[in-house]
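Take a look at the structure below.
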Amino acid sequence: DAGITQSPRHKVTETGTPVTLRCHQTENHRYMYWYRQDPGHGLRLIHYSYGVKDTDKGEVSDGYSVSRSKTEDFLLTLESATSSQTSVYFCAITGGDTQYFGPGTRLTVL
Amino acid sequence: AQSVSQHNHHVILSEAASLELGCNYSYGGTVNLFWYVQYPGQHLQLLLKYFSGDPLVKGIKGFEAEFIKSKFSFNLRKPSVQWSDTAEYFCAVIRMDSSYKLIFGSGTRLLVRP
């Protein structure tokens, strides 16, 4: 267990609503990541962070923003949720050149 | 663009059958390679990884993988599968110049019949 928690674990929301997902780590790792998992696509990187206030875009960043004000927390925000953002979202950290994943958040946008 | 290909999207085996799942990647530089497993309803767990050295690596639960640099491949094998191996398997690659960003294959769903 890499000491990663995600909240909420499940969320149902409506189109146009802002949503924030939280990832919390207890291991003081520098790198943190947000992925989305969709059938037939594997996991795709949304955004990542390489330190406090240091973030960068991944492969599918449109419609998402992130913030990292503390080492232990990495927030993913959907400013105005759309149905195409219905997915399972995983947070990850890098420890020893290996990525470890959180339990996931299942988000449904109606 | 760099990519990771998993050619088998769905595999169905009977218990005790041998397993080989293919993985190929497109990047020509130095990479680290991983196989992750996701059991139904759970998060991804690391099965094994290759950074350097012996190209045949052994992981948890009897899995192994072989890195063949000339073929850009990192195939996963298990000599005898069990019902509990039913899961989705993901191959992933990190380019050593890429801020530890993992590129995943699309996954292979394995169903093992008792």
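Just so you know, all these numbers are worked out from the coordinates, no wet-lab data involved. Bear in mind that the values here come from a model prediction, so they are computed numbers and not experimental data. Cβ coordinates were reconstructed from backbone atoms using ideal geometry, including for glycine residues, and neighbour counts include every protein chain displayed.
In this entry, A:Asp38 passes the filter for residues that are more than 23 Å from B:Phe51 (Cα to Cα) and at the interface with chain B (Cβ under 10 Å from one of its Cβ atoms).
For region B:48-62, the condition of being among the acidic types (Asp, Glu), under 19 Å from B:Thr108 (Cα atoms) and either surrounded by fewer than 20 Cβ atoms within 10 Å (Cβ to Cβ) or out of contact with any helix residue (DSSP H, G or I) (no Cβ under 9 Å at 6 or more places or on another chain) (or both) holds for none of the residues.
Can you name every one of the strands (runs of 3 or more DSSP E) wholly within region B:1-81 that holds 1 or more residues which are away from every other protein chain (no Cβ under 14 Å), among the aliphatic types (A, V, I, L, M) and over 28 Å from A:Trp34 (Cα atoms)?
Numbers: elements: B:10-14, B:19-21, B:31-38, B:45-50, B:56-58, B:64-68, B:73-78.
Per the criteria, B:10-14, B:19-21, B:56-58, B:64-68.
When A:Gly63, A:Gly51 are checked against the criterion of being farther than 20 Å from B:Tyr100 by Cβ and among the small types (Gly, Ala, Ser), a single residue qualifies: A:Gly63. Restricting attention to region A:88-110 and to residues that are away from every other protein chain (no Cβ under 14 Å) and closer than 13 Å to A:His10 by Cα, the residue that is surrounded by the most Cβ atoms within 10 Å (Cβ to Cβ) turns out to be A:Leu107. Across region B:82-114, the number of residues qualifying as assigned to a loop (DSSP other than H, G, I, E, B) and either touching a helix residue (DSSP H, G or I) at 6+ places or on another chain (Cβ under 6 Å) or closer than 10 Å to B:Gln6 by Cβ (or both) comes to 4.
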